[in-house]
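Scroll down for the structure; my scribbles are underneath it.
The values are calculated or read from the model by the stated rules, or taken from the named source; none is laboratory data. Predicted model, so just to flag it, every value in this text is computed and none were measured. Here the Cβ positions follow ideal geometry from the backbone for every residue, glycine too, while neighbour counts run over all protein chains shown. Ligands, DNA and RNA are stripped out before the accessible areas are found, and what is left, the full protein with its side chains, is counted by its heavy atoms. Shrake-Rupley method; radii C 1.70, N 1.55, O 1.52, S 1.80 Å.
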Amino acid sequence: MIDAGLNDKVVLITGANHGIGAATARAFSQQGAVVFITYLRILSDDTPVAASEPKTPGTALYNYHRSKSAEDVVRAIRDNGGRADAWEADLADAKTIPQVFDRAETAFGPVDVLVNNASGWAPDTFLSPEAGQDVHGFPTQTVSSESIDRSFAVDARAGALMMGEYARRYRGHGKTSGRIINVSTDAAAGFQHEVSYGASKHALESYSRAAAGELGRFGITVNVVSPGPVQTGYIPPEAERQMAKAAPLGRIGQPEDVADVIVFLASGLARWLTGQLIYVGGGHRIPL
(Lines give C-alpha, C1' and ligand atoms only; values in the text may rest on other atoms or scores of the structure.)
Protein backbone atom coordinates (compact mmCIF):
# COMPACT_ATOMS: atom_id res chain seq x y z
CA MET A 1 0.00 0.00 0.00
CA ILE A 2 1.30 3.46 -0.96
CA ASP A 3 1.19 6.13 1.74
CA ALA A 4 0.62 9.52 0.08
CA GLY A 5 1.62 11.30 3.29
CA LEU A 6 -1.48 13.52 3.22
CA ASN A 7 -3.18 12.44 6.44
CA ASP A 8 -4.25 15.53 8.44
CA LYS A 9 -2.65 17.89 5.91
CA VAL A 10 -4.66 21.09 5.45
CA VAL A 11 -5.59 21.57 1.80
CA LEU A 12 -7.04 24.82 0.42
CA ILE A 13 -8.84 24.41 -2.92
CA THR A 14 -10.40 27.30 -4.84
CA GLY A 15 -13.43 26.95 -7.09
CA ALA A 16 -14.58 23.67 -5.58
CA ASN A 17 -18.38 23.72 -5.60
CA HIS A 18 -18.46 21.51 -8.73
CA GLY A 19 -16.34 19.89 -11.43
CA ILE A 20 -12.60 19.39 -11.00
CA GLY A 21 -12.48 21.38 -7.76
CA ALA A 22 -15.19 19.31 -6.08
CA ALA A 23 -13.62 16.04 -7.26
CA THR A 24 -10.26 17.22 -5.93
CA ALA A 25 -11.75 18.03 -2.53
CA ARG A 26 -13.24 14.54 -2.31
CA ALA A 27 -10.00 12.91 -3.46
CA PHE A 28 -7.92 14.68 -0.82
CA SER A 29 -10.42 13.77 1.87
CA GLN A 30 -10.14 10.12 0.89
CA GLN A 31 -6.41 10.41 1.64
CA GLY A 32 -7.14 11.69 5.15
CA ALA A 33 -6.50 15.35 4.36
CA VAL A 34 -8.51 18.21 5.85
CA VAL A 35 -10.16 20.32 3.16
CA PHE A 36 -11.09 23.99 3.05
CA ILE A 37 -12.69 25.12 -0.18
CA THR A 38 -13.77 28.38 -1.74
CA TYR A 39 -16.46 28.83 -4.34
CA LEU A 40 -18.47 31.54 -6.08
CA ARG A 41 -22.02 30.98 -7.23
CA ILE A 42 -22.39 32.21 -10.81
CA LEU A 43 -25.79 33.03 -12.25
CA SER A 44 -25.89 33.23 -16.03
CA ASP A 45 -27.58 36.16 -17.75
CA ASP A 46 -27.82 34.17 -20.97
CA THR A 47 -29.43 30.97 -19.71
CA PRO A 48 -31.71 30.93 -16.63
CA VAL A 49 -30.71 28.40 -14.01
CA ALA A 50 -32.97 25.36 -14.00
CA ALA A 51 -35.04 24.67 -10.90
CA SER A 52 -33.80 21.07 -10.78
CA GLU A 53 -30.68 19.41 -12.12
CA PRO A 54 -30.89 18.83 -15.90
CA LYS A 55 -30.13 15.30 -17.05
CA THR A 56 -28.21 16.07 -20.24
CA PRO A 57 -24.80 17.82 -20.40
CA GLY A 58 -24.88 21.29 -21.95
CA THR A 59 -25.41 24.91 -21.02
CA ALA A 60 -28.34 24.23 -18.68
CA LEU A 61 -26.50 21.60 -16.63
CA TYR A 62 -23.29 23.60 -16.45
CA ASN A 63 -25.11 26.74 -15.34
CA TYR A 64 -26.96 24.69 -12.74
CA HIS A 65 -23.64 23.39 -11.35
CA ARG A 66 -22.07 26.85 -11.30
CA SER A 67 -25.04 28.32 -9.42
CA LYS A 68 -24.74 25.90 -6.48
CA SER A 69 -23.02 26.45 -3.18
CA ALA A 70 -20.40 24.03 -1.87
CA GLU A 71 -22.80 22.67 0.74
CA ASP A 72 -23.23 19.32 -1.02
CA VAL A 73 -19.46 18.83 -1.37
CA VAL A 74 -18.82 19.58 2.30
CA ARG A 75 -21.71 17.39 3.44
CA ALA A 76 -20.53 14.42 1.36
CA ILE A 77 -17.04 14.65 2.83
CA ARG A 78 -18.35 14.92 6.38
CA ASP A 79 -20.78 12.05 5.85
CA ASN A 80 -17.79 9.88 4.94
CA GLY A 81 -16.00 10.83 8.15
CA GLY A 82 -13.84 13.57 6.69
CA ARG A 83 -13.29 17.16 7.76
CA ALA A 84 -14.21 19.98 5.41
CA ASP A 85 -15.46 23.54 5.40
CA ALA A 86 -16.20 26.13 2.72
CA TRP A 87 -16.50 29.86 2.20
CA GLU A 88 -17.98 31.78 -0.71
CA ALA A 89 -15.39 34.23 -1.98
CA ASP A 90 -14.94 36.32 -5.12
CA LEU A 91 -11.23 35.96 -5.84
CA ALA A 92 -11.42 38.73 -8.43
CA ASP A 93 -11.41 41.04 -5.40
CA ALA A 94 -7.79 41.11 -4.23
CA LYS A 95 -8.84 42.02 -0.68
CA THR A 96 -10.47 38.61 -0.40
CA ILE A 97 -7.19 36.66 -0.68
CA PRO A 98 -5.91 37.15 2.90
CA GLN A 99 -9.41 36.53 4.23
CA VAL A 100 -9.48 33.11 2.56
CA PHE A 101 -6.34 32.09 4.43
CA ASP A 102 -7.62 33.62 7.67
CA ARG A 103 -10.74 31.48 7.48
CA ALA A 104 -8.86 28.34 6.53
CA GLU A 105 -6.45 28.79 9.43
CA THR A 106 -9.28 29.50 11.86
CA ALA A 107 -11.08 26.35 10.76
CA PHE A 108 -8.16 23.92 10.51
CA GLY A 109 -4.77 25.58 11.01
CA PRO A 110 -2.00 26.61 8.60
CA VAL A 111 -2.40 25.54 4.99
CA ASP A 112 -0.06 22.79 3.76
CA VAL A 113 -1.34 22.40 0.19
CA LEU A 114 -2.75 25.10 -2.10
CA VAL A 115 -4.72 24.17 -5.21
CA ASN A 116 -5.57 27.13 -7.46
CA ASN A 117 -8.51 25.83 -9.49
CA ALA A 118 -10.98 28.75 -9.59
CA SER A 119 -11.65 30.23 -13.02
CA GLY A 120 -13.38 33.28 -14.45
CA TRP A 121 -14.05 31.49 -17.74
CA ALA A 122 -16.14 33.28 -20.36
CA PRO A 123 -15.62 32.81 -24.11
CA ASP A 124 -14.38 35.78 -26.14
CA THR A 125 -13.08 36.14 -29.67
CA PHE A 126 -11.26 38.54 -31.98
CA LEU A 127 -14.12 38.17 -34.46
CA SER A 128 -17.18 40.37 -34.63
CA PRO A 129 -20.24 39.16 -32.69
CA GLU A 130 -21.94 38.23 -35.96
CA ALA A 131 -19.04 35.98 -36.97
CA GLY A 132 -18.29 34.67 -33.49
CA GLN A 133 -18.84 31.02 -32.73
CA ASP A 134 -20.57 29.53 -29.74
CA VAL A 135 -18.45 27.39 -27.43
CA HIS A 136 -20.64 24.33 -26.86
CA GLY A 137 -23.68 26.56 -26.75
CA PHE A 138 -22.17 29.35 -24.68
CA PRO A 139 -22.19 32.64 -26.61
CA THR A 140 -18.91 34.40 -27.25
CA GLN A 141 -18.31 38.13 -27.17
CA THR A 142 -15.77 40.24 -28.96
CA VAL A 143 -12.63 40.59 -26.88
CA SER A 144 -12.81 43.72 -24.75
CA SER A 145 -11.23 45.28 -21.71
CA GLU A 146 -14.03 43.76 -19.65
CA SER A 147 -13.55 40.22 -20.96
CA ILE A 148 -9.78 40.46 -20.53
CA ASP A 149 -10.03 41.84 -17.01
CA ARG A 150 -12.58 39.21 -15.95
CA SER A 151 -10.36 36.32 -17.05
CA PHE A 152 -7.08 37.71 -15.78
CA ALA A 153 -8.50 38.81 -12.42
CA VAL A 154 -9.27 35.22 -11.42
CA ASP A 155 -7.16 32.91 -13.60
CA ALA A 156 -3.90 34.88 -13.39
CA ARG A 157 -3.93 37.59 -10.73
CA ALA A 158 -5.79 35.66 -8.04
CA GLY A 159 -3.58 32.62 -8.57
CA ALA A 160 -0.45 34.73 -8.20
CA LEU A 161 -1.76 36.50 -5.09
CA MET A 162 -2.82 33.21 -3.54
CA MET A 163 0.70 31.82 -4.07
CA GLY A 164 2.25 34.94 -2.54
CA GLU A 165 -0.02 34.79 0.50
CA TYR A 166 0.62 31.08 0.90
CA ALA A 167 4.40 31.56 0.77
CA ARG A 168 4.33 34.40 3.31
CA ARG A 169 2.25 32.46 5.82
CA TYR A 170 4.13 29.20 5.19
CA ARG A 171 7.41 30.86 6.15
CA GLY A 172 5.79 32.61 9.08
CA HIS A 173 4.58 29.29 10.46
CA GLY A 174 8.04 27.77 10.08
CA LYS A 175 6.93 25.00 7.74
CA THR A 176 9.48 22.99 5.76
CA SER A 177 7.41 21.11 3.18
CA GLY A 178 4.70 22.67 1.04
CA ARG A 179 2.80 22.09 -2.18
CA ILE A 180 1.19 24.39 -4.73
CA ILE A 181 -0.73 22.96 -7.67
CA ASN A 182 -2.22 25.29 -10.27
CA VAL A 183 -4.86 24.21 -12.77
CA SER A 184 -4.41 25.49 -16.34
CA THR A 185 -5.71 24.28 -19.71
CA ASP A 186 -3.90 22.43 -22.46
CA ALA A 187 -4.91 25.24 -24.85
CA ALA A 188 -3.13 27.95 -22.87
CA ALA A 189 -0.61 28.61 -25.65
CA GLY A 190 -3.44 30.01 -27.75
CA PHE A 191 -7.16 29.33 -27.36
CA GLN A 192 -9.36 30.29 -30.30
CA HIS A 193 -12.75 31.67 -29.27
CA GLU A 194 -11.63 31.59 -25.62
CA VAL A 195 -8.74 33.96 -26.14
CA SER A 196 -8.62 35.73 -22.76
CA TYR A 197 -9.15 32.52 -20.81
CA GLY A 198 -6.26 30.86 -22.62
CA ALA A 199 -4.00 33.89 -22.22
CA SER A 200 -4.73 34.21 -18.51
CA LYS A 201 -3.92 30.53 -17.97
CA HIS A 202 -0.67 31.01 -19.91
CA ALA A 203 0.18 33.80 -17.47
CA LEU A 204 -0.60 31.49 -14.56
CA GLU A 205 1.83 28.94 -15.98
CA SER A 206 4.55 31.61 -16.08
CA TYR A 207 3.81 32.64 -12.50
CA SER A 208 4.03 28.97 -11.52
CA ARG A 209 7.48 28.44 -13.04
CA ALA A 210 8.76 31.61 -11.39
CA ALA A 211 7.30 30.52 -8.05
CA ALA A 212 8.90 27.09 -8.37
CA GLY A 213 12.28 28.72 -8.88
CA GLU A 214 11.94 31.14 -5.98
CA LEU A 215 10.19 28.97 -3.40
CA GLY A 216 12.02 25.69 -3.84
CA ARG A 217 14.68 26.58 -1.29
CA PHE A 218 11.93 26.73 1.34
CA GLY A 219 10.71 23.23 0.56
CA ILE A 220 7.75 24.30 -1.57
CA THR A 221 7.07 22.56 -4.87
CA VAL A 222 4.97 24.31 -7.53
CA ASN A 223 3.49 22.40 -10.46
CA VAL A 224 0.79 22.90 -13.08
CA VAL A 225 -1.91 20.46 -14.14
CA SER A 226 -3.10 21.13 -17.69
CA PRO A 227 -6.38 19.32 -18.43
CA GLY A 228 -7.69 18.43 -21.85
CA PRO A 229 -11.45 18.12 -22.48
CA VAL A 230 -13.14 17.20 -19.21
CA GLN A 231 -16.87 16.61 -18.83
CA THR A 232 -17.83 18.98 -16.04
CA GLY A 233 -21.36 19.23 -17.39
CA TYR A 234 -20.80 21.70 -20.21
CA ILE A 235 -19.97 19.46 -23.21
CA PRO A 236 -23.09 18.37 -25.16
CA PRO A 237 -23.36 14.65 -25.99
CA GLU A 238 -22.56 14.97 -29.71
CA ALA A 239 -19.50 17.12 -29.04
CA GLU A 240 -18.37 14.61 -26.42
CA ARG A 241 -18.66 11.77 -28.92
CA GLN A 242 -16.57 13.67 -31.48
CA MET A 243 -13.91 14.52 -28.89
CA ALA A 244 -13.77 10.91 -27.71
CA LYS A 245 -13.17 9.68 -31.25
CA ALA A 246 -10.18 12.02 -31.58
CA ALA A 247 -8.69 11.11 -28.18
CA PRO A 248 -5.91 8.48 -28.13
CA LEU A 249 -7.48 6.85 -25.06
CA GLY A 250 -10.92 6.90 -26.63
CA ARG A 251 -12.79 9.11 -24.20
CA ILE A 252 -12.83 12.58 -22.74
CA GLY A 253 -11.91 13.13 -19.12
CA GLN A 254 -13.91 13.09 -15.94
CA PRO A 255 -13.14 15.44 -13.03
CA GLU A 256 -11.72 12.53 -11.02
CA ASP A 257 -9.06 11.93 -13.71
CA VAL A 258 -7.60 15.36 -13.02
CA ALA A 259 -8.17 15.23 -9.27
CA ASP A 260 -6.04 12.09 -8.92
CA VAL A 261 -3.08 13.79 -10.61
CA ILE A 262 -3.46 16.83 -8.35
CA VAL A 263 -3.40 14.58 -5.29
CA PHE A 264 -0.28 12.86 -6.62
CA LEU A 265 1.50 16.21 -7.02
CA ALA A 266 0.59 17.12 -3.44
CA SER A 267 1.79 13.79 -2.08
CA GLY A 268 5.19 12.69 -0.85
CA LEU A 269 5.53 10.68 -4.06
CA ALA A 270 6.09 13.95 -5.95
CA ARG A 271 8.64 15.37 -3.51
CA TRP A 272 11.33 15.77 -6.23
CA LEU A 273 9.02 17.26 -8.83
CA THR A 274 8.66 21.02 -9.28
CA GLY A 275 8.26 23.59 -12.01
CA GLN A 276 6.51 21.06 -14.24
CA LEU A 277 3.45 21.26 -16.46
CA ILE A 278 1.65 17.94 -16.71
CA TYR A 279 -0.92 17.38 -19.46
CA VAL A 280 -3.88 15.37 -18.20
CA GLY A 281 -5.98 14.74 -21.26
CA GLY A 282 -5.96 11.13 -22.36
CA GLY A 283 -3.39 12.00 -25.03
CA HIS A 284 -5.10 15.18 -26.17
CA ARG A 285 -2.56 17.68 -27.60
CA ILE A 286 0.12 15.06 -28.23
CA PRO A 287 2.56 16.79 -30.64
CA LEU A 288 2.36 14.14 -33.36
Original post:
Of the residues that make up segment 167-181, is at least one surrounded by 24 or more Cβ atoms within 10 Å (Cβ to Cβ), within 14 Å of the chain's Cα centre (by Cα) and touching a residue at least 12 places away in the same chain (Cβ under 8 Å)?
Top reply: yes
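Any residue that is open to solvent by less than 60 Å² (accessible area, probe 1.4 Å), in contact with a Phe, Trp or Tyr (Cβ under 8 Å, 6 or more places away or on another chain) and touching a residue at least 60 places away in the same chain (Cβ under 8 Å) - is there at least one of those in segment 207-216?
So the first thing to find is which residues in segment 207-216 are open to solvent by less than 60 Å² (accessible area, probe 1.4 Å), and the list is 208, 210-212, 215-216.
With the extra rule that they be in contact with a Phe, Trp or Tyr (Cβ under 8 Å, 6 or more places away or on another chain), the set shrinks to none.
No - not one qualifying residue is present in segment 207-216.
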Original post:
Pairs, please: C-beta under 7 Å, at least 6 apart or cross-chain, first residue under 12 Å from VAL230 (Cβ atoms) and buried (at least 23 other Cβ atoms within 10 Å of the Cβ) and in segment 257-268, second among the aliphatic types (A, V, I, L, M) and at pLDDT 95 or above?
Top reply: VAL258/ILE20; VAL258/VAL225; VAL258/VAL230; VAL258/VAL280; ALA259/ILE20; ALA259/ALA23; ALA259/ALA27
Original post:
List, please: which pairs have Cβ atoms under 7 Å, are six or more places apart or on different chains, and start with a residue in segment 63-83 that is more than 19 Å from SER29 (Cα to Cα) and end with one that is among the basic types (Lys, Arg)?
Top reply: SER67/ARG41; LYS68/ARG41
Subject >> Residue among GLN231, GLN141 that is over 20 Å from ILE20 (Cα atoms) and of a type in the set (S, T, N, Q) >> reply: GLN141
**OP:** Look at ALA160 and say whether it is under 24 Å from PRO255 (Cβ atoms) and either open to solvent by 30 Å² or more (accessible area, probe 1.4 Å) or among the hydrophobic types (A, V, I, L, M, F, W, C) (or both).
**Re:** no
Subject >> Among (1) under 25 Å from SER151 (Cα atoms); (2) buried (at least 22 other Cβ atoms within 10 Å of the Cβ) - the single one ILE220 does not satisfy >> reply: (1)
**OP:** Name the helices (runs of 4 or more DSSP H) wholly inside segment 1-100 in which the number of residues that are closer than 26 Å to ALA158 by Cβ and in contact with a His (Cβ under 6 Å, 6 or more places away or on another chain) is 1 or more.
**Re:** 59-66
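Okay, residues lined up against (1) among the hydrophobic types (A, V, I, L, M, F, W, C); (2) at pLDDT 95 or above:
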site	(1), (2)
ALA50	yes, no
GLY58	no, no
ALA76	yes, yes
ASP85	no, yes
Original post:
Checking THR106 against (1) in contact with a strand residue (DSSP E or B) (Cβ under 9 Å, 6 or more places away or on another chain); (2) open to solvent by 50 Å² or more (accessible area, probe 1.4 Å); (3) at pLDDT 95 or above, which single condition isn't satisfied?
Top reply: (1)
**OP:** Exactly one condition in (1) within 22 Å of PRO98 (Cβ to Cβ); (2) touching a residue at least 24 places away in the same chain (Cβ under 8 Å); (3) not acidic (Asp, Glu) is not met by TYR197; state its number.
**Re:** (1)
